[in-house]
1. Beyond 17 Å, what share of the Cα-Cα pairs of region 218-346 remains, rounded to the nearest whole percent?
2. Amide H of VAL392 versus every other amide H placed in the peptide plane: which residues, excluding those fewer than 5 positions away on the same chain, fall under 5 Å?
3. What is the magnitude of the charge dipole of the chain about its Cα centre, with +1 placed on the Cβ of each Lys and Arg, -1 on the Cβ of each Asp and Glu, and no other charges, expressed in debye to the nearest 20?
4. Taking each pair of distinct Cα atoms in region 261-441 once, what is the resulting Kirkwood hydrodynamic radius in Å?
5. Looking only at region 261-441, where both bridge partners belong to it, what percent of the DSSP beta bridges are antiparallel (to the nearest 5)?
6. Can you put THR488, THR41 in order, fewest other beta carbons within 10 Å first?
7. Give a quick list of GluC sites (Glu not before Pro) in region 332-437 that DSSP marks as loop, anything other than H, G, I, E or B, with at most 13 other Cβ atoms within 10 Å.
8. Considering only the other residues whose Cβ falls under 15 Å of the Cβ of GLU401, what net charge follows from Lys and Arg at +1 and Asp and Glu at -1?
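Bear in mind that the values in this text are calculations on the coordinates, not laboratory data. Computed from a prediction, not measured in an experiment: that's the story for all the values here. Note that we place each Cβ from the backbone using ideal geometry, even for glycine, and neighbour counts take in every protein chain shown.
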Amino acid sequence: MSTAPEGLPSTIRHWIGGELVDAADGRTFDVTDPVSNTVYTQASRGARDDVQRAVEAAQAAFPGWSSISNRERARVLYRIADAVEARHDRLARFESYDSGLPITQAKGQARRAAENFRYFADVIVALGEEAFRQGEEQFSYVVRTPVGVAGLITPWNTPFMLESWKLAPALASGCTIVLKPAEWTPLSASLWPEIFAEAGVPAGVVNIVHGIGEEAGQALVDHPDVPLISFTGSTDTGRHIIRSSAEHLKTTSMELGGKSPVVVFADADLEAALDSVVFGVFSLNGERCTAGSRVLVERSLYEEFTRRLAERAERVKVGPPSDPTTEVGALVHTEHYERVLNYVEIGRKEARLVAGGARPDHLTEGNYLQPTVFADVSRDARIFQEEIFGPVVAVAPFDDEAEAIELANATQFGLAAYIWTSDLKRGHRIAHAVESGMVWVNSHNVRDLRTPFGGVKASGVGREGGAHSIDFYTESKIVHVALGDVHTPRFGAAS
Ligand code: NAD
């Protein structure tokens, strides 16, 4: 049974120039929930004309928004955070219903969304610009200016939070925006218009065009007046967007897929490591870019760790997303569910299934999967190499530190890594050797908003987070000023 939250919109419309509008050609697409897998609403299906209107609105709003003081923009961002919090409960219910995230976890994501706006308001007010002095001769200073109309393209996992992660720094930097939310989860984005209106964001500063990636998303990427694309999504789409962006030499930021290793040494705090592994791969339904989906365990601990991990996975409470006791909800969409189930079938042939692997008996409808653990997974296995993006984890043993590092680095991805050991020197050594943008030692994914976020290899290009986000949404211009006489070689001055 899916419990529909109150106040579901009968249609989800674009928001352009401060108005809710239908697609120029009137088309819509179906929006389903992941428990009943039935259509509960329609969303406007954006195409080139809609993106054109949105970009024009963003261009018209740019001179005003980019020229107000950082302090004034920060005030608006604080009001956005307040408006998000005021809708915290509805927002979480919408998100949970549309995406299948357990309601308790959706509430956590809603809180983080509000924090993103507060944080970037603080950053922009505190921000200084660099200055350089070369003795008495020259003084140089940096002037930062917003890049212009920012194109933001976001995925369906934790959609509202990830939208806020891009909206907040782009707004703080003085950019105006066209956002294209993921087509499987447009519901929570339907709350942005009232949030922005309540916070006093001028019309046209943020524009939202819903639609299919290959249509609305592609039109945004192809638009010549959108100089910057911030993308979070799959590696294949990221690659395609970089190629398309080359035509107009756009600045791009790519937050892509992952297959992050958790390396557990025999001297680790076993209970803490176990809690972290279970939470790290099964929270957010395993639909998490930084999920620790490959667990590498030192051989002397391997059998015990695997057995206990399997026991815990079997006991994880899978249930309706709206139930506050649910730990793993429903996977976002039937297409994704089929894909994850297909990986489970592949895993059965490649490795030893020790937990899960099927729909829980008590849940006869909906995209549910019991958390699944595969042991003895070889490095060539597809379930070791490919991102599954569901509640499925691959476990493998290692014999020594060198092998642990080799296995940790043995995929195309490099987003996050987690290391468990009580030998701190070793913790640092491995943190430095592992090929990833982010590493946690003796911790699951706890983020400080000031820190760089992003991946290496096929997990991404560029960094967002903290000052890195402001760098991305602004251009730095250097102004050099002579303070004294400039000694210029006097070409053509010889008699
Ligand atoms: P996806 O690549 O299918 O879609 C992401 C977004 O891109 C959607 O809005 C989609 O409509 C749009 N899109 C698709 N084709 C496009 C095109 N040709 N032009 C422009 N836009 C296009 O990804 P997904 O399935 O929605 O998300 C899951 C993926 O996102 C996983 O791989 C996950 O690891 C990754 N992800 C990464 C991070 C990170 O920070 N590194 C965070 C969350 C998710």
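1. Values: 5691 of 8256 pairs.
Taking all Cα-Cα pairs of region 218-346, the fraction more than 17 Å apart is 69 percent.
2. The list, which skips near neighbours in sequence, is THR372.
3. Numbers: 48 positive and 66 negative charges, 105 e Å.
The calculation lands at about 500 debye.
4. Working: mean 1/r = 0.0616 Å⁻¹.
Its Kirkwood hydrodynamic radius stands at 16.2 Å.
5. Numbers: 3 of 23 bridges.
Of the beta bridges lying entirely in region 261-441, close to 15 percent run antiparallel.
6. Details: THR488 7, THR41 18.
Going from least to most buried by this count: THR488, THR41.
7. Those that pass, being in a loop and sparsely packed, are GLU365.
8. Values: positive: ARG299, LYS425, ARG426, ARG429; negative: ASP267, GLU298, ASP399, ASP400, GLU403, GLU406, ASP423.
Every neighbour counted, the sum reads -3.
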